[in-house]
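To keep things clear, I will list the structure first and then write my remarks on it.
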Amino acid sequence: SSLTSGWGDSWSTDGMFLLRQKLGDTPGRTISVHARYSLSQTGMIGNNTSTTRKYTEDVAFEDLVDQKFDRKEDSYSVSGNVTYTEPLGKNFYLMGSYRINWSTKSSEKYTYSNYTGNLDSLYSSVISNNFLNHRMQVSFSKQEAKYNIQIGAEAQPSTTSTHSSLGFKRDTTYTIWNFAPSARIDLRFSDNNFLRINYRGRTSEPTINQ
């Protein structure tokens, strides 16, 4: 049997900036800049108790755990995107975009024995994870009054770094490249009826718990 109780608090905030600018006198030639950030923090303190009954041959005994813990998790991310659109004539457009995303997450959990007051490193951990992702996309689109079609391809290199200084200690850094096609179809049946079909690949970082 086990019982965990505790209390905590959390906060988060995020914001974005978007700018779109026409370039020159050519209709449809534009550049747009999009930036976003998010911050969050969660903290919790509590107690954990458990009883495990074990058997060795004909002898039964109980393993008792009585702990208090202090846990904090932080998450920060910043991203920016630049998109350039070049008209090719007859409602055809060429679009190129570059996006960069950086995020960092950390988790600290300190667990103490209620019997001795000492830190229990088996149930404690300090982990940080940094993630850097780039996304480069080239696509062609056809824009009409009743439909829009966009087809392209993306390259997404990303680097993940993980550092653990307490508990299961380990440092890892690895970089991967992902390639994926992208497609979007917008169908407008009327002013009130609209259908969008979207396909693309995405590279994301593991959660701090993972």
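Key figures for this structure:
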| item | result |
| --- | --- |
| Residue selected from the stretch 92-144 under the condition touching a strand residue (DSSP E or B) at 6+ places or on another chain (Cβ under 7 Å), among the β-branched types (Val, Ile, Thr) and closer than 30 Å to residue 66 by Cβ, by the criterion surrounded by the fewest Cβ atoms within 10 Å (Cβ to Cβ) | 126 |
| Tally, over the stretch 67-94, of residues that are outside any strand (DSSP E or B) and under 31 Å from the mean Cα position of the chain (by Cα) | 0 |
| Number of positions in the stretch 64-89 that are buried (at least 16 other Cβ atoms within 10 Å of the Cβ) and among the small types (Gly, Ala, Ser) | 3 |
| Enumeration of residues in the stretch 156-181 that are surrounded by 14 or more Cβ atoms within 10 Å (Cβ to Cβ) and outside any loop (DSSP other than H, G, I, E, B) | 156, 157, 158, 159, 160, 161, 162, 163, 164, 166, 178, 180 |
| Single residue of 10, 32 found to be over 19 Å from residue 76 (Cβ atoms), out of contact with any Pro (no Cβ under 9 Å at 6 or more places or on another chain) and either of a type in the set (Phe, Trp, Tyr) or not in a loop (DSSP other than H, G, I, E, B) (or both) | 32 |
| Single unsatisfied condition, residue 192 versus (1) in contact with a Phe, Trp or Tyr (Cβ under 7 Å, 6 or more places away or on another chain); (2) farther than 30 Å from residue 123 by Cα; (3) part of a loop (DSSP other than H, G, I, E, B) | (1) |
| Count of the stretch 165-208 residues which are among the small types (Gly, Ala, Ser) and either more than 30 Å from residue 108 (Cα to Cα) or modelled with pLDDT of 90 or more (or both) | 5 |
| Residue 61, sole failed condition from (1) loosely packed, with under 15 Cβ neighbours inside 10 Å; (2) touching a residue at least 40 places away in the same chain (Cβ under 8 Å) | (2) |
| From 20, 36, residue being modelled with pLDDT of 90 or more, open to solvent by 90 Å² or more (accessible area, probe 1.4 Å) and either within 22 Å of residue 133 (Cα to Cα) or within 18 Å of the chain's Cα centre (by Cα) (or both) | 36 |
| Conditions (1) part of a strand (DSSP E or B); (2) open to solvent by 70 Å² or more (accessible area, probe 1.4 Å); number of the one not met by residue 202 | (1) |
| Among (1) open to solvent by 60 Å² or more (accessible area, probe 1.4 Å); (2) touching a residue at least 40 places away in the same chain (Cβ under 8 Å), the one test that residue 49 misses | (1) |
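The values are calculated or read from the model by the stated rules, or taken from the named source; none is laboratory data. From a predicted model like this one, the values you see are computed outputs, not experimental measurements. Cβ sites come from the backbone with ideal geometry, for glycine too, and all protein chains shown count toward neighbours. Accessible surface is based on the protein model in full, side chains and every heavy atom, while ligands, DNA and RNA are left aside. Shrake-Rupley method; radii C 1.70, N 1.55, O 1.52, S 1.80 Å.
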